[in-house]
Every structure is written in structure tokens, then in C-alpha cells.
Amino acid sequence: MELNISSLTSGYGQVRIVNNVSLRAKPAEIIAVIGRNGVGKTTLIKTIMGILPPMGGTIGFGASEITRLSATARARLGIGYVPQGRGIFTRMTVAANLALGAGIGHAERPDLQRVFSFFPILEKRLSQLAGSMSGGEQQQLAIGRILAGRPGIILLDEPSEGIQPNIVQDIARIVRRLRDEQGLTILLVEQNLTFIQAVADSCLVMDKGAIVARIAPDELSDPTIAQRYLAI
């Protein structure tokens with residue numbers, strides 16, 4: 001589904017972190033939000049999800065105006081969110097974590113077969129406590145929990161963080177499949193250039209809380225551009 005953001009401002013208390021951001025994510029499009037640490041990327045994602053209230057601007061999702069809706073209401077409309085650090089319930093089983101995904105998009109029950117088609121390892125771990133899994137398996141569970149519902153868009157915050165390189169490659173392939181096979185819109189915050197170039201259709205560069213450029217992922221192969229926007 002399409003996401004439309006216009007002149008969005010948000011932050012913490014009276015401190016503005018996101019300043020007048022506008023963006024459009026089309027159906028079945030993967031957009032990476034990139035930039036140095038501390039420029040407002042995670043704050044933007046949390047505001048889209050409804051965890052932080054906006055100070056100004058509007059957020060549209062499909063045909064709905066969601067600017068003032070709660071995070072729970074947004075999830076019921078089909079917005080799935082995987083936070084930085086994954087946000088799974090470590091003392092619950094894999095099966096119990098997946099069952100929670102049914103609240104996304106008003107799904108009547110968790111669609112486990114769809115989850116297992118993307119993450120077959122989870123079918124073998126249903127009775128295992130989520131906290132005993134590796135970081136890569138936990139990330140698969142976090143995304144799988146979203147797929148157990150009926151998402152129209154997935155918000156991913158640093159999906160490659162703390163994961164071994166071969167699993168990062170697997171997750172990149174799955175993210176592309178979610179776009180190609182499920183038609184999902186995906187907005188992700190990421191620092192890993194290899195991951196960005198493997199999955200993104202375009203990159204939005206944030207600096208000081210604002211979108212300052214839109215670039216193609218392959219432009220990040222230029223060290224000058226990478227240095228300018230990411231300081232790496």
C-alpha cells in the first residue's frame with residue numbers, strides 16, 4: 001500500500017528531531033532512509049508507526065488519514081514495524097510470538113504457512129523460547145511475526161544490525177521477495193551499504209531531521225557520495 005507523508009515534524013517533548021519531512025512510498029517499493037547517526041531516522045519511523053505523536057504535518061496510508069491514530073490502530077490497518085533490536089518477546093515461544101502478528105491488518109488468525117514459506121527455520125523452532133535463538137533467527141522471527149498478519153507496509157529499523165553476514169544476505173533476499181511476491185511496500189532505516197544496495201529501489205538521505213537528497217542505491221558505490229552522506 002502507498003504511504004504519503006507531508007511536512008511531518010516530530011520529536012521528544014519540545015525538542016524537534018524530524019523537521020518538515022515529506023515522502024511518498026509507492027506500493028511494492030523499497031525505500032531506504034539513510035544518513036549519519038542521530039539525524040532523526042529512527043524518530044521518523046517511530047512517528048510513522050504512531051509511537052511518537054507528530055508536532056505537525058500529515059501521514060496517509062492507502063486511503064486512510066492516520067496522523068492522529070494510535071500505534072495499535074495503525075497496525076490494524078496493516079502497518080508492520082520491526083524496531084531496532086527486533087522487539088521480540090524473549091520469554092515466549094516462537095509460536096506465541098508469531099500468534100501476536102494476527103493483529104496486523106485485521107487478520108483473523110496468524111498465517112503461519114506464509115511465514116514458513118519465507119522463514120522455514122521458524123517451523124522447526126515453534127516450541128523454542130525466542131530468547132534462546134541466534135540474532136539472525138530472532139530477526140527472522142521479528143519479520144515473520146509481521147507476515148503472520150496482513151501487512152500492507154513494513155517498517156524496518158536497522159534489520160542487519162548484529163547479524164552475521166551470511167544471514168544478512170538471506171534477509172536481503174527475503175526482503176526483495178516480500179516486494180516481488182507479496183507486493184509489500186517497505187521503508188527501512190539502514191547503515192549497511194551492501195544491504196542497502198541489495199534491496200532498495202531508492203534512498204532518501206536525512207540530515208538534521210530533514211530529507212536532503214534522493215539518490216539511487218548504486219550511487220553509494222562512489223566513496224565521495226558515501227562520505228558525504230554517511231561519513232564512512
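The values are calculated or read from the model by the stated rules, or taken from the named source; none is laboratory data. Fair warning: this is a prediction, and the values are worked out from it, not measured in the lab. Note that each Cβ is placed from the backbone with ideal geometry, even for glycine, and that neighbours are counted across all protein chains shown.
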**Prompt:** Out of all the residues in region 49-62, is one or more of a type in the set (Ser, Thr, Tyr) and free of Cβ contacts under 8 Å to residues at least 24 places away in the same chain?
**Reply:** no
**Asked** Is there a residue being in a helix (DSSP H, G or I), farther than 17 Å from residue 190 by Cα and under 13 Å from the mean Cα position of the chain (by Cα) anywhere in region 146-166?
**Response** yes
**Asked** What about residue 225, is it of a type in the set (Val, Ile, Thr), assigned to a helix (DSSP H, G or I), over 19 Å from the mean Cα position of the chain (by Cα) and surrounded by 14 or more Cβ atoms within 10 Å (Cβ to Cβ)?
**Response** yes
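If I ask for residues that are assigned to a loop (DSSP other than H, G, I, E, B) and within 27 Å of residue 189 (Cβ to Cβ), which ones from region 92-124 would you list?
92, 107, 110, 111, 119
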**Request:** Kindly indicate the residue of region 68-96 that is under 18 Å from the mean Cα position of the chain (by Cα) and among the polar types (S, T, N, Q) and also modelled with the lowest pLDDT among those meeting that condition.
**Result:** 84
**Request:** Scan region 86-134 residue by residue and report those that are more than 20 Å from residue 168 (Cα to Cα), free of Cβ contacts under 8 Å to residues at least 40 places away in the same chain and β-branched (Val, Ile, Thr).
**Result:** 93
**Asked** Is it the case that some residue within region 27-36 is touching a strand residue (DSSP E or B) at 6+ places or on another chain (Cβ under 9 Å), at pLDDT below 95 and surrounded by fewer than 22 Cβ atoms within 10 Å (Cβ to Cβ)?
**Response** yes
**Message:** Among the residues that make up region 138-157, is at least one of them surrounded by fewer than 23 Cβ atoms within 10 Å (Cβ to Cβ) and without any contact (Cβ under 8 Å) to a residue 40 or more places away in the chain?
**Reply:** no
**Message:** Restricting to region 63-83, name every residue that is outside any helix (DSSP H, G or I) and surrounded by fewer than 16 Cβ atoms within 10 Å (Cβ to Cβ).
**Reply:** 63, 64, 65, 68, 70
